[in-house]
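Structure, as structure tokens:
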Amino acid sequence: MMNHEPPTPPETKVSSAYFLWLACLLQLHGLHRLYNGKVFTGLLWLCTFGLLGVGQVIDLVLIPNMVEEHNTKLRARLGVSEVGIPLYQTVVASSVISPKQTRSQLMVKLLKAAENRGGSLSVTQAVMDTGASFAEVETTLREMLKTGYIAIDNHPDTGVVIYRFLEL
């Protein structure tokens, strides 16, 4: 069974950043900056011995903010809030469903669309009739196919995949 949890970003940790800061004792200055996505300054620290140690010492105070900034950027890139809730889309049954429409609402819309079209529906027709995306429609139709509500065929003339709703 697939995991239906929203994606969580691989967040950096303050403790790990401090541990990498300690690498300065081995003359590896700036690893904590590289860890937090600050590549340019991380390399600068590495080449200048942490700005002759001054930058390295100042970073002791800056590390918590550096980690928080990096984690915020990671969450924004993935589109999730601080607690891992998707900001733009919700992941349901391994496909993307817009927040304004649940899976069951989409199934009802697909049933109504199929009824209006004589009990059969192509993916493109379903997208036009429901306003959902191709991925949403296709995933929902496959889900309904697995449960036995619909059967799958090809249109005799065009070869387009047609979903026949058995109870309509």
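Of note:
This table checks each residue for (1) among the basic types (Lys, Arg); (2) modelled with pLDDT under 95; (3) touching a Lys or Arg at 6+ places or on another chain (Cβ under 9 Å); (4) closer than 30 Å to Thr139 by Cβ.
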{"position": "His4", "(1), (2), (3), (4)": "no, yes, no, yes"}
{"position": "Lys13", "(1), (2), (3), (4)": "yes, yes, no, no"}
{"position": "Leu25", "(1), (2), (3), (4)": "no, yes, no, no"}
{"position": "Leu31", "(1), (2), (3), (4)": "no, yes, no, no"}
{"position": "Asn65", "(1), (2), (3), (4)": "no, yes, no, no"}
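- Where strands (runs of 3 or more DSSP E) fall entirely within region 70-165, those with at least 1 residues that are at pLDDT 85 or above and surrounded by fewer than 16 Cβ atoms within 10 Å (Cβ to Cβ) are at 150-154, 161-165.
The values are calculated or read from the model by the stated rules, or taken from the named source; none is laboratory data. Just so it is clear, the structure is predicted and the values come from calculations on it, not from any experiment. Please note: Cβ atoms are built from the backbone with ideal geometry, for glycine as well, and neighbour counts cover all protein chains shown.
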